Amino acid sequence: MILKLPMKTILSLANPADVETECLVVVALDQAAPKNGPHKNSAKDKPEISLATSDAAIKDAAKDVIASGEIAGKLAETNLLHKPAKLKAKRLLVIGGGKAKTFTSVELRKLAGTAARFLKPKGIRSFAFVAPEGVLTDSDAVKSIIEGAFVGNFDPDTYKSDRKDQQIDALTVVARGDQARLQQALDEGRIIGESQNFTRELVNEPGNRMTPTMLAERARKMAEEVGLKCEVFGPDKIKELKMGAFWSVAQGSDEPPALIVLRYEPAGAPEKPVLGLVGKGVTFDTGGISIKPADGMEKMKYDMAGGAAMIGAMRGIALLKPKVKVTAIICATENMPSGKAQKPGDVQIAMSGKSIEIINTDAEGRLVLADGLYYARQLGCTHLIDAATLTGAVVVALGYVNAGVFASDDKMYERFTKALAKAGEKFWRMPLDEEYKESIRSGIADIINSGGRWGGAITAAMFLKEFAEDTPWMHLDIAGTAWTEENKPWMAKGPSGIAVRSLVEFARDFAE
């Protein structure tokens, strides 16, 4: 196995043409106005390509290929020029960013990732990216480039014996503006990008190499490195706390569960609010007695992606140091069928005292989160966010583009939308109408753990709401977006690290 070292990130205020590098990357944008109506995207709509830089030498080096019509400026389109005239760079990569009028930091992240993934197989180990001018603020551009490049530099081939030494070792961002402000943006982008990839590394591990105990150890080691407080509790403490919902899932496995508590308590932060991050950490999910089909079950190593997102977010929060207290709780366990496993029809008593009739043992994520949410409230959290690969129903509703978000508090959701805008992640708000509660009523207990097929993502959220109660709360169902099934130009298939960037930005905004 090849050990991959972290990518170096460098800020340059030099003229782009004077930067000595293996490859200089510049963004090409289509300045033509977006067309609407019946002639939209017709052959007559010729692109009007211009480079997003004021550097005359770069424009001159690319003028012939632009004039030839080879560059259409489509998103992630790549054109590599060798020995560009008047540039100190060995190569010039012109990468399409789509329409200038719709270009945002979301597209820029994708372009940075595309550049990394395009250049790696060619043996190029370092490159310089020219921050586009006139479309974003200079600091937003720098931060987005760094975040996107880290995403693009990740590959999931951890255990291949012939793993190729294909990675970008160093990235230089060439920008104009105040050096201190740009350096801060670069540093922030690096922290967030590394934290997202840290989450992806956790999620990528197979179930035999990422048990609840191993996940807890990775969290503990990370906490030591960044200055977080970390406590890990086992079965005895879980039983002492009367976490009957959590334990009902854990009891079927020979692997002991782990209750992971991470605390960020910066000096000078007010006593309140306290943000609580609760993550589903099911390191492998067979479905229990309600066992899943064999086809595709290997992907259930990803069922701890919500917990991993919370661990990665806590890493980013600790390093960015917002003035707000944050506590993360990750309920880590396996869900296995055995003679000790819970059965459909069993009744379990959650930490809150609510009784739960088990209809389907594969609806286990909401059980571990139920006790995690209640425990977060006991630890003093005033606002709650949970994240989980919770339901296939959310994939039916939203596909693989948007993750689902459920919110009991409008003001909290509004703040989250601001974080989404900064992070560039896609979530869609789903309803929490009281009528859905009828679907989780039990004839023998307080509630059932599965409301059936119809509105499954919503009834799962309604179940969780029973344990958040009146505390402002949001639920992130990331089942459709926690991993990608196909390679994209800017991201390898596999774990995505969804929600890490948004959670970090939310915590930073929450501190204000």
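The values are calculated or read from the model by the stated rules, or taken from the named source; none is laboratory data. Keep in mind the model is a prediction, meaning the values are calculated, not measured. Every residue, glycine as well, gets a Cβ built from its backbone with ideal geometry; the counts of neighbours run over all protein chains shown.
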* Filtered residues of the range 85-100 (kept if farther than 17 Å from Lys63 by Cα and either at pLDDT below 95 or aliphatic (A, V, I, L, M) (or both)) -> Ala100
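Which members of the range 420-463 meet the condition of being touching a Pro at 6+ places or on another chain (Cβ under 8 Å) and not in a helix (DSSP H, G or I)?
Hits for the range 420-463: nothing passes.
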* **Within the range 67-139, strands (runs of 3 or more DSSP E) holding 1 or more residues that are buried (at least 17 other Cβ atoms within 10 Å of the Cβ) and among the small types (Gly, Ala, Ser)** => 91-99, 126-130
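Only residues that are of a type in the set (Gly, Ala, Ser) and either in a helix (DSSP H, G or I) or closer than 19 Å to Trp454 by Cα (or both): list them for the range 374-401, please.
The answer is Ala376, Gly392, Ala393, Ala397, Gly399.
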* Thr9 being at pLDDT 95 or above, surrounded by 12 or more Cβ atoms within 10 Å (Cβ to Cβ) and part of a strand (DSSP E or B) -> yes
* Quick one: how many residues across the range 204-232 are under 15 Å from Pro257 (Cβ atoms) and among the basic types (Lys, Arg)? -> 0
* Asked: Which one of Thr283, Thr361 is in the same structural domain as Met210 (by TED's automatic domain parsing) and either of a type in the set (Asp, Glu) or part of a loop (DSSP other than H, G, I, E, B) (or both)?
  -> Thr361
* Out of the range 351-381, which residues are under 18 Å from Gly392 (Cβ atoms) and among the small types (Gly, Ala, Ser)? -> Ala363, Gly365
* If you check Arg209, Arg218, which single one turns out to be more than 20 Å from the chain's Cα centre (by Cα) and closer than 26 Å to Glu485 by Cβ? -> Arg209
* State whether the residues of the range 245-253 include one that is at pLDDT 95 or above, within 30 Å of Lys493 (Cα to Cα) and in contact with a Gly (Cβ under 7 Å, 6 or more places away or on another chain). => no
* Find the residue count for the range 481-511, including only residues that are in contact (Cβ under 8 Å) with a residue 24 or more places away in the chain, assigned to a loop (DSSP other than H, G, I, E, B) and surrounded by fewer than 23 Cβ atoms within 10 Å (Cβ to Cβ). => 6
* **Residue in the range 328-335 that is in a helix (DSSP H, G or I) and under 30 Å from Ala511 (Cα atoms) present** => no
* **Tally, over the range 419-463, of residues that are free of Cβ contacts under 8 Å to residues at least 12 places away in the same chain and either surrounded by 15 or more Cβ atoms within 10 Å (Cβ to Cβ) or closer than 30 Å to Glu147 by Cα (or both)** => 1
* The one condition in (1) over 21 Å from the mean Cα position of the chain (by Cα); (2) surrounded by fewer than 24 Cβ atoms within 10 Å (Cβ to Cβ); (3) in contact (Cβ under 8 Å) with a residue 60 or more places away in the chain that Met300 fails to fulfil -> (1)
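Among the residues of the range 109-134, write down those that are under 19 Å from Leu13 (Cα atoms) and out of contact with any strand residue (DSSP E or B) (no Cβ under 7 Å at 6 or more places or on another chain).
Answer for the range 109-134, where residues must be under 19 Å from Leu13 (Cα atoms) and out of contact with any strand residue (DSSP E or B) (no Cβ under 7 Å at 6 or more places or on another chain): Glu133, Gly134.
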* Somewhere in the range 306-325, is a residue surrounded by 24 or more Cβ atoms within 10 Å (Cβ to Cβ), of a type in the set (Val, Ile, Thr) and either at pLDDT 95 or above or within 14 Å of Arg501 (Cα to Cα) (or both)? -> yes
* What is the residue count in the range 140-180 for residues that are within 20 Å of Lys493 (Cα to Cα) and in a loop (DSSP other than H, G, I, E, B)? -> 16
* Please find, within the range 464-478, the residue that is nearest to Lys437 (Cα to Cα) out of those that are assigned to a loop (DSSP other than H, G, I, E, B) and out of contact with any strand residue (DSSP E or B) (no Cβ under 8 Å at 6 or more places or on another chain). => Glu469
* Asked: In the range 37-66, which residue that is modelled with pLDDT of 70 or more and assigned to a loop (DSSP other than H, G, I, E, B) is surrounded by the fewest Cβ atoms within 10 Å (Cβ to Cβ)?
  -> Lys46
* Exclusive hit being more than 26 Å from the chain's Cα centre (by Cα) and either assigned by TED's automatic domain parsing to the domain that holds Ile145 or over 15 Å from Ile146 (Cα atoms) (or both), set Lys74, Lys90, Lys120 -> Lys90
